[in-house]
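Just so it is clear, none of the values below were taken in a lab; they were calculated from the coordinates. This is a predicted model, so every value here is computed, not measured. Using ideal geometry, Cβ is built from the backbone for each residue, glycine included, and neighbour counts are taken over all protein chains shown.
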Amino acid sequence: MSSGNATEQITPLEGAGIRSETAPAPSRHKLRLVPLLEVRQNVPETQRLACYAASLAVAAAISFALLALSGVAPSDVMREIATVAFSSPRALGSVLAQTAPLVMAGLATAIAFRSNFWNIGLEGQMILGAIFASVVAIYDVGPEPARLVLMAVAAMAGGMLWVSVPAMLKQRLGVSEVITTLLLNYVAFNLLLHLLYGPWKDPVSSFPHTEQYEAFERLPLLGWLNLTWTLPLAALLAGLLWWLLSYSRIGYLLDMTSSNREMARAVGVPVAGLTVAAILASGAVGGLTGFSIAAGVEFRMTQDFFAGYLFSGVLIAFLGRNHPAGVVIVAFFMAILLLVGQSLQIFFQVPSALVQLVQAIFIICVAASEFFLTYRMHWRAAT
Amino acid sequence: MKLLQKAAWLTALSALGLTQLTVGASAEFAAKGDPKPAVILFGESNDGGWSQSIDESRKKLESELNLRIPQAEKIPETATAIRPAAELFIDRGANIIIGSAFGYSDTFKELAEQYPETVFINPAGTTNGPNLKSIYGRTYESQYLCGMIAGGLTKSNKIGFVAANPFGLVNWTVNAYLLGARQVNPDAELSVVFTGAWADPVKERAAAEALIEQGVDVLGQHVDTPTVQVVAGEHDVYGTGHHRDLSEFSKATQCSSIWTWDRFLKPEIEKIAAGGFEKAPYGAFLSIKDGLIDVACCGEAVSDELKEKVMAERDAIIAGKHVFAGPLSDREGTVRVKEGEVLSDGDLWSMDWYVDGVSGQ
């Protein structure tokens with residue numbers, strides 16, 4: 001910084017420790033190019049799509065090269081993708097079964113992120129949701145035909161309860177929600193373990209999961225592709241949130257609030273109320289995600305029904321740009337990626353570490369493409 | 001408009017789905033063609049413990065049966081992950097699916113009903129059926145023998161035990177370990193710490209170090225990683241392992257309670273191939289005699305005399321001795337097994353009590 005170079009430019013990357021220019025080396029006369037960054041004012045949709053497509057191509061190229069090195073030909077990989085996702089109704093069923101909870105996890109995270117509340121507590125909210133739903137199921141609360149609805153409502157209440165603590169701490173005392181939501185995951189997990197190894201241990205097998213839910217406490221089968229009502233539930237939620245966030249007055253005011261809180265308050269937007277409502281909605285969807293896995297996939301509450309959804313949720317919300325439609329699309333591709341990974345393991349016996357590496361490469365490449373959408377890069381000769 | 005397109009796409013797909021539903025409703029199990037086993041592992045195949053023990057048996061079976069047995073690792077205990085993995089194997093000809101976790105139980109039950117021509121075998125499972133068998137080992141036998149080693153090696157009479165989660169199949173290893181230790185050393189006491197996780201090296205290390213600080217000089221374990229043995233080695237105390245022979249990780253390990261899945265699975269697969277799959281309504285609960293479990297013993301610190309004692313007890317167990325034979329009371333003084341009786345299998349699975357001399361949370 002003290003080089004006294006008059007042409008030094010402040011670039012957005014400097015704060016991250018990346019210098020836009022290297023120190024001049026006068027003894028050498030080699031021409032060196034350095035990047036100069038400019039923030040893009042707006043990006044047309046076509047350019048955005050092209051950028052995503054390019055990032056997917058780069059990821060595919062790296063992944064194919066890695067897989068080829070471990071003996072899997074690119075044509076085989078392509079065949080696996082086609083087989084896994086689209087070859088049979090059952091294959092598509094597997095993808096959609098995988099997609100539904102991912103959509104809900106992504107939505108739960110996206111709503112909170114839309115209101116600038118960094119909810120890293122999805123797993124805790126899922127656990128509380130499933131616990132509340134299980135209370136209804138285990139202690140036979142309410143008449144049988146209404147049981148499932150009561151379980152869903154209880155799950156939403158559980159999720160809201162769990163997120164309300166960090167929300168209150170943030171609103172009243174300014175405590176960082178990243179820390180509180182994250183740490184409450186562990187509290188929720190230990191509560192779950194306490195219940196599963198204690199009072200809720202399965203009376204049939206003495207194993208640490210709850211008793212199986214009764215038939216009327218399970219999300220019913222759709223009668224199509226072996227899917228349950230989890231999928232329509234996820235679709236309904238996505239549709240509802242899309243409308244709320246993109247077309248309703250609430251969505252408009254929420255966007256105003258998150259882009260400039262002070263200005264929103266000055267023009268009379270109920271900032272605090274809106275933010276709290278969005279946070280609670282995020283918790284409710286989180287609780288519902290837990291319910292949909294317990295009542296729609298496992299048919300009981302197990303020890304790790306929630307595992308992995310926190311990071312998937314953050315990732316899906318981020319890549320889907322916190323937009324419900326984006327969340328649905330990204331969740332669908334995530335599901336395909338997970339299943340293709342499985343089948344690569346199964347048929348080519350590649351280790352699971354390599355599969356995870358490939359998945360990570362795709363995600364990093366798409367995430368990195370954000371950079372090129374945010375900044376325009378100029379190359380300039382260093383002096 | 002988009003909605004309409006979607007609706008059309010959905011109806012087209014559901015028509016395809018209906019044709020699929022007609023398949024899959026025949027009665028009794030019948031083996032079809034040559035056995036083609038496939039293994040679905042819950043953990044990583046090189047986790048050093050549970051999953052690796054199954055994977056090593058898989059490799060042995062490959063050479064002994066001259067078969068190629070593929071595996072998939074790190075398949076979590078959730079239906080959305082297990083089902084596609086199993087179906088991918090079945091689609092490509094596998095007719096014996098071997099699982100590895102109690103969390104697979106429900107999904108395996110559903111799959112077994114859906115695929116009546118495929119045999120499902122699930123270590124640590126809880127569900128059974130005409131073509132589904134859950135298997136587990138009477139690990140209290142092997143842990144009892146390792147407990148004898150611990151009782152013989154301890155100088156402080158304080159033995160430590162790092163366990164995963166407090167329920168039946170873990171509690172019986174804790175109790176058996178102390179019963180074994182007291183067989184050779186009536187003054188032995190056992191402190192147990194539950195980590196709340198099957199494989200968490202960080203918590204296992206913390207638990208082992210805390211126990212050593214309390215004066216424990218032998219460490220037993222029922223967790224999935226070899227961390228406890230490594231910690232024992234670092235502090236110059238002795239240890240005994242679980243799942244596999246853990247002496248490869250630490251010089252501290254003097255005995256290990258091990259799985260020998262291949263000894264059970266080889267004849268089982270041959271039986272299935274010959275059309276003789278035996279149903280087991282309550283699963284197969286197998287002992288040292290049945291060949292599912294054993295001990296890897298003994299390390300250099302074990303005297304010949306102690307080793308002879310252990311081997312004599314092993315012979316006695318094979319001959320029918322039950323580790324939980326009465327009279328046996330829990331630490332609150334309640335009689336759990338009466339004189340002349342042995343603990344029933346049902347009581348073993350629901351064991352939620354500890355014998356006198358076990359302390360810890």
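General observations
- Charge-dipole axis of the stretch A:102-349 as Lys and Arg at +1 and Asp and Glu at -1 on Cβ define it, positive-most pick from A:Ser134, A:Val267, A:Thr230: A:Val267
- Stretching the chain fully between B:Lys251 and B:Phe285 yields a gain of 9.0 nm (0.36 nm per residue, less the alpha carbon separation).
- Exposed loop sites, defined as trypsin sites (Lys or Arg not before Pro) outside DSSP H, G, I, E and B with at most 16 other Cβ atoms within 10 Å, are absent from the longest region of chain B, namely B:156-250.
- Average other protein chain Cβ within 10 Å of Cβ, residues A:89-101: 4
- Cysteine residues of the protein assembly as shown whose C-beta has no other cysteine C-beta under 4.7 angstrom: A:Cys51, A:Cys365.
- 18 Å Cα-Cα threshold exceeded, pairs from B:Lys158/B:Lys251; B:Lys36/B:Lys60; B:Lys251/B:Lys289; B:Lys59/B:Lys266: B:Lys158/B:Lys251; B:Lys251/B:Lys289
- At q = 0.14, 0.16, 0.19 Å⁻¹ the log10 of I(q)/I(0) for the stretch B:28-182 amounts to -0.75, -0.90, -1.13, computed by Debye summation with a single uniform scatterer per C-alpha, solvent ignored.
- Shielding value for A:345-352 is 6, the average number of Cβ atoms from other chains within 10 Å of each residue's Cβ.
- Calculated [θ] (222 nm, deg cm²/dmol) that DSSP helices of n ≥ 4 give over chain A, each run adding -39,500 (n - 2.57): -21000 deg cm²/dmol
- Normalising the average separation of contacting C-alpha pairs (under 8 angstrom, six or more residues apart) by the number of residues puts the relative contact order of the stretch B:30-137 at 26 percent.
- Applying Stokes-Einstein at 25 °C and 0.890 mPa s to the Kirkwood radius of the stretch B:235-304, computed over alpha-carbon pairs, gives a translational diffusion coefficient of 174 µm² s⁻¹.
- Take each residue of peptide B:191-198, count the partner chain Cβ atoms within 10 Å of its Cβ, and average: the result is 2.
- Point-to-point label distance, A:Val267-B:Ala274, nm (Cα→Cβ direction, 7 Å offset): 8.3
- FRET E, pair B:Gln114, A:Leu236, Förster distance 35 Å, beta-carbon r, rounded to 0.05: 0.80
- The sum of -39500 (n - 2.57) across all DSSP H runs of n ≥ 4, divided by the residue count of chain B, sets its helix-only mean residue ellipticity at 222 nm to -13000 deg cm²/dmol.
- 5 Å binning of all Cα-Cα separations within the stretch A:233-340, expressed as whole percents from 0 upward: 2, 10, 16, 22, 19, 13, 8, 5, 3, 1, 0
- Cα pair distances in the stretch A:318-383, grouped into 10 Å bins until the bin that holds the longest one, percent each: 18, 36, 25, 14, 6, 1
- Legend: ranking of residues B:Asp217, B:Asp356 from fewest to most surrounding C-beta atoms inside 10 Å; resulting order B:Asp356, B:Asp217.
- For A:His378, B:His235, A:His209, B:His222, order by how many other beta-carbon atoms lie within 10 Å, fewest first: A:His378, B:His235, A:His209, B:His222
- Taking all pairs of distinct alpha-carbon atoms in the protein assembly as shown, Kirkwood radius in angstrom: 28.7
- The chymotrypsin sites (Phe, Trp or Tyr not before Pro) of the stretch A:91-177 that DSSP puts in a loop, and whose beta carbon has at most 16 other beta carbons within 10 Å, are A:Tyr139.
- Bins of 10 Å from zero: percent of alpha-carbon pairs in the stretch A:102-349: 8, 30, 34, 20, 6, 1, 0
- Exposed loop sites here mean GluC sites (Glu not before Pro) with a DSSP loop assignment and at most 15 other beta-carbon atoms within 10 Å; chain B contains its longest site-free run at B:118-277.
- A:Val285, B:Val335 arranged by Cβ crowding within 10 Å, fewest neighbours leading: B:Val335, A:Val285
- Distance between modelled label sites at A:Trp243 and A:Thr374, nm, 7 Å Cα→Cβ extension: 3.4
- Two-site FRET efficiency, A:Leu49 against A:Ala73, from Cβ-Cβ distance with R₀ of 35 Å, rounded to 0.05: 0.75
- A simple packing score, the average count of other Cβ atoms within 10 Å per residue, orders the peptides A:168-180, A:332-344, A:185-197 as A:332-344, A:185-197, A:168-180, with the highest score first.
- Remark: chain B projects, on average over all directions, an area of 21.6 nm² (convex hull of Cα atoms).
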